[in-house]
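Coordinate-derived values only; no laboratory data. Worth saying up front: this structure is predicted, and the values here are computed from it rather than measured. When we count neighbours, we look across all protein chains shown, and the Cβ atoms used for this are built from the backbone with ideal geometry, even at glycine.
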Amino acid sequence: MPRIRKSVQTTESVIWRIALYIRLSREDWKDDDTASEKKTAKNNISQNTPDVSRSIVEQQKMLLEYVQAHFADRYTIEDIYTDDGLSGTDDARDNFQRMMEDVENGKVNCIIVKTLSRAFRNYADQGRYLEQIFPKKGVRFISISNPFVDSFTNPDAIQNGMEIPINGLMNDRYAAKTSADIRRTFDAKRKRGEFIGAFAPYGYVKNPANKNSLIIDDEAAQIVRNIFLWFVNDGMSKTSIAKKLNELGVPNPTSYKNRVQHFKYKNPNMAKNDGLWCSSIILNMLTNQVYAGNMVQGRHRVISYKVHTQVRVPENEWYIVPGTHEAIIDRETFDKAQLLHSRDTRTAPDKKEVYLFSGFLRCADCKKAMRRKTSKNITYYFCRTKTDKGLCSKHTIREDRLTKAVLNAIRIQIALAQPFTNILKELSENRTEKPQVLRLNSMLKAREEELQKIRSAAESLYLDWKNGDITKEEYLGMKRSFEEKSERLKETMKTVKNEITAKTDDENTENEYIRAFTRHKNITALERGLVTQLIDTIYVHENGRITIDFAFADVLKRFNLYSIAQTT
């Protein structure tokens, strides 16, 4: 005996809570006059909104006309969900997911799109949503263009027909072909050294005359120079550099793009970004060849056109094209940073700088790095191969004697070089340090202007309250927020002023070792900057003697002056 359906639901017996879903993919931008400026999704758009892609407006118009023509009065449009510039090959789209949350919460029971490809370009996703998720949630799905789909009036077309699955497969294959074409185009540009990223690396901006080339952004570039200077010449650790930038109130690269350059910049870690620098950011900058003038691209790639998760690419597969743009850091300084980074450098406890000889001391026999130890207020360096494995002979030296010996060896080299002003000039030109007071004053001025804006806003806020434009509670809440921002700015300004004072003193009294070369005088003290600038490696022998390989050996060899220094 056949079942008897107790009730039949008709379109007249349901009040449809409609979601209009609109999507424009990146490849569609090519045919849209305004598309190159549209990077983020926007909702509730209108024909009069200028910052919206034309195709988005057309899709909305078509969907609204369809609703008005086919739904009579038994409906409400709950929202318009727009993903502008996003691929349909997966469902990880902000507004698509927001729409599905509204479906889950019962706010939406009908979804209307222009075509199936607007909602899905993934064959598997199309089948999962149309055949499983939407029926379970009681959601009516309508695609108004060819092929026409209405899961409420004609469910058999989805469950049993062939046209919709075939159309989904064709959309999937089209997405695969488009993805392959785009990758080939991008690879060709990478090989030519053309920049194809959405945003230029920190320190650069896209050239307005040629978006595939880079030009220096003076403000950010000075920060990059400081980072390399502090690391290479001043011996600061990556963590200490990050702390110093935070103390100065310098926004990190992500925050700089949004707050200073006013870009609509997003990345997967935006939610975790607090605007502060960290050692990993410093490390990435110190090892990025783009600052030496080389275009470096293809360091990451997505797994496939359907799986948009990014994975790291081996360095030998990167696209590196030298000399494509003006360098922020000279090659010698950049190479020095790579050498220091590759060495074992430790930071002294409670200090910002690394140990004086950290990364430079090696056993003369096994060539392994020496280990540091302090006992009874005396610091020693010793061969760890001997201590840990017993495979090398005893190599040890006291730090105070080592410091004296290295200082003496450097004095000898300076004495040999004194008659040759060309050598001194070349060494001096290799220094990257420049007066920074001007940049710090500019930074201080910007903070002062920001503080003045907050004060002006607070004054306007008071008038708004007195005029009845806002409530007392709103006034007090916003006033408290302004006061907190003002206090943070004042602390930042105090730190910057202290830094200006310190830098002014440094410029009035040049660094000791620069003075030694320029004025032909012996240096009186050994410091980290001098070691990193002049020395490549210090080898400790079994008898406590040392051998020094000087970094400027190639310069001295040209004048037949170079000899490896051996000192007790």
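Stretch SER393-VAL14 to full length: gain in nm at 0.36 nm per residue minus the Cα-Cα span? So the chain would gain 127.5 nm between SER393 and VAL14.
Projecting the Cα positions of VAL321, ASN258, ILE303 onto the charge dipole of the range 204-339 (unit charges on Cβ atoms of Lys, Arg, Asp and Glu, taken about the Cα centre) puts ILE303 furthest along the positive direction.
When the dipole is taken about the Cα centre of the range 437-496, and only Lys, Arg (+1) and Asp, Glu (-1) are charged at their Cβ, what size is it in debye, to the nearest 20? Could you put the intermediate results ahead of the total?
Working: 13 positive and 12 negative charges, 64 e Å.
Roughly 300 debye for the range 437-496.
Neighbours of LYS189 by Cβ distance under 14 Å: Lys/Arg scored +1, Asp/Glu scored -1, total +4. Debye sum, Cα scatterers, the range 437-496, no solvent: what log₁₀ I/I(0) at q = 0.27 1/Å? Here log10 of I(q) over I(0) equals -1.02. Our Cα-only numbers for the range 204-339 put the radius of gyration and Dmax at 15.7, 47 Å.
At a 10 angstrom cut-off on C-beta neighbours, averaged per residue, how do the peptides 439-451, 138-150, 74-86 rank from highest to lowest? Mind dumping the intermediate values first?
On the way: 439-451: 15.9, 138-150: 17.7, 74-86: 19.5.
In decreasing order of mean packing, 439-451, 138-150, 74-86 become 74-86, 138-150, 439-451.
Taking 30 Å as R0, compute the FRET efficiency from the Cβ-Cβ separation of ILE133 and THR309 and round it to 0.05.
Working: r = 22 Å, r/R0 = 0.74.
Efficiency, from the Cβ-Cβ distance: 0.85.
Full extension of the chain between GLN97 and ALA525 yields a length gain of 147.7 nm, computed as 0.36 nm times the residue separation minus the alpha carbon distance.
For the range 204-339, the dipole from Cβ point charges (+1 on Lys and Arg, -1 on Asp and Glu) about the Cα centre works out to 680 debye, to the nearest 20.
Between ALA69 and LYS497, the modelled labels are 7.0 nm apart [label points 7 Å from Cα along Cα→Cβ]. For the range 204-339, lysine pairs with C-alpha atoms less than 19 angstrom apart, excluding pairs fewer than eight positions apart on the same chain, total 10.
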